[in-house]
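Here's the structure we're looking at; comments come further down.
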Amino acid sequence: MTKPVGYLTNSLTGIEGEPGVFYSYILSAGGVYLQAQNRFLAATVCITPGEIRGLAPLKEDIQLLHGRIPLYLLYMALSNLTAKPDIEQYLAIIWEGAYSLKIPSQQATAVSVTYETLLDTVLEIHSHTSGVPAHFSPIDDHDEQGFGLYAVAAGLRDLCPTVELRLGIYGYFLPLRQSEVFT
């Protein structure tokens, strides 16, 4: 029987147990890991470090399955966002045989944005208005419950806007460096 969530053990002879459809918890020598994969991403990340004797170690790994995203798409996104720095906005980088930047239909105000979700989204980008730093808010934590990459941009009136990135795996979050996502 296929389950949404799997519970696995990384024994000395390999990973044992039935993986979940969406993600799996893996107990290993270094703690509890979370593993997920979709058409765009594969990730194995430690969510609870600890020493568990008698199990094999597991290595953290995050892969964009179509390669890292070209950096110019981030610059294009920031260019679009800086045109309207006083409202929150949403952009998406999608995969359709190549990465591209899309601006979906949206309703934006100074404090929120609602938008049409796009199929094949790899990276969701939203902005914060002037005076609000680039950080993921509790509202972002609530909204970003899928498996994907997320970015928040701020300082859109500054010469160099700031961007924070993270990997989200169904409510678990891991900060990322630009070099892990963009090339």
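The strands (runs of 3 or more DSSP E) located wholly in the stretch 1-40 that include 1 or more residues which are out of contact with any Pro (no Cβ under 7 Å at 6 or more places or on another chain) and in contact (Cβ under 8 Å) with a residue 60 or more places away in the chain occupy 23-28, 31-37. Can you find even one residue in the stretch 80-97 that is among the acidic types (Asp, Glu), surrounded by fewer than 17 Cβ atoms within 10 Å (Cβ to Cβ) and more than 18 Å from THR162 (Cβ to Cβ)? Yes, some residue in the stretch 80-97 is among the acidic types (Asp, Glu), surrounded by fewer than 17 Cβ atoms within 10 Å (Cβ to Cβ) and more than 18 Å from THR162 (Cβ to Cβ). With respect to the conditions (1) open to solvent by 50 Å² or more (accessible area, probe 1.4 Å); (2) under 21 Å from SER179 (Cα atoms), LEU12 lacks only one, and its number is (2).
Specify which of the listed residues (ILE169, ILE139, ILE103) is closer than 25 Å to ASN38 by Cα and open to solvent by less than 20 Å² (accessible area, probe 1.4 Å).
Values: ILE139 fails: open to solvent by less than 20 Å² (accessible area, probe 1.4 Å); ILE103 fails: open to solvent by less than 20 Å² (accessible area, probe 1.4 Å).
Result of the check over ILE169, ILE139, ILE103: ILE169.
Would you mind stating whether LEU71 is free of Cβ contacts under 8 Å to residues at least 60 places away in the same chain, in contact with a strand residue (DSSP E or B) (Cβ under 6 Å, 6 or more places away or on another chain), open to solvent by 30 Å² or more (accessible area, probe 1.4 Å) and of a type outside the set (Ser, Thr, Tyr)? Considered against the rule, which asks whether it is free of Cβ contacts under 8 Å to residues at least 60 places away in the same chain, in contact with a strand residue (DSSP E or B) (Cβ under 6 Å, 6 or more places away or on another chain), open to solvent by 30 Å² or more (accessible area, probe 1.4 Å) and of a type outside the set (Ser, Thr, Tyr), LEU71 comes out as no.
Does PRO57 meet the test of being modelled with pLDDT of 95 or more and open to solvent by less than 50 Å² (accessible area, probe 1.4 Å)?
Details: modelled with pLDDT of 95 or more: yes; open to solvent by less than 50 Å² (accessible area, probe 1.4 Å): no.
Criteria not met by PRO57.
In the condition set (1) more than 16 Å from the chain's Cα centre (by Cα); (2) open to solvent by less than 20 Å² (accessible area, probe 1.4 Å), SER112 is compliant with all but (2). Scanning the stretch 140-154 for residues that are touching a residue at least 24 places away in the same chain (Cβ under 8 Å) and over 8 Å from the mean Cα position of the chain (by Cα) yields ASP141, GLU144, GLN145, GLY146, VAL152, ALA153, ALA154. For the stretch 73-127, enumerate the residues that are of a type in the set (S, T, N, Q), out of contact with any Gly (no Cβ under 9 Å at 6 or more places or on another chain) and under 25 Å from THR183 (Cβ atoms). Those that are of a type in the set (S, T, N, Q), out of contact with any Gly (no Cβ under 9 Å at 6 or more places or on another chain) and under 25 Å from THR183 (Cβ atoms): SER79, ASN80, THR82, GLN89, SER100, SER127.
The values are calculated or read from the model by the stated rules, or taken from the named source; none is laboratory data. Bear in mind the structure is a predicted one, so any value in this text is a computation, not a measurement. Counting neighbours? That spans all protein chains shown, and the Cβs are built from the backbone with ideal geometry, glycine included. Side chains are part of the model used for accessible areas, which takes the heavy atoms of the whole protein and leaves out ligands, DNA and RNA. Shrake-Rupley method; radii C 1.70, N 1.55, O 1.52, S 1.80 Å.
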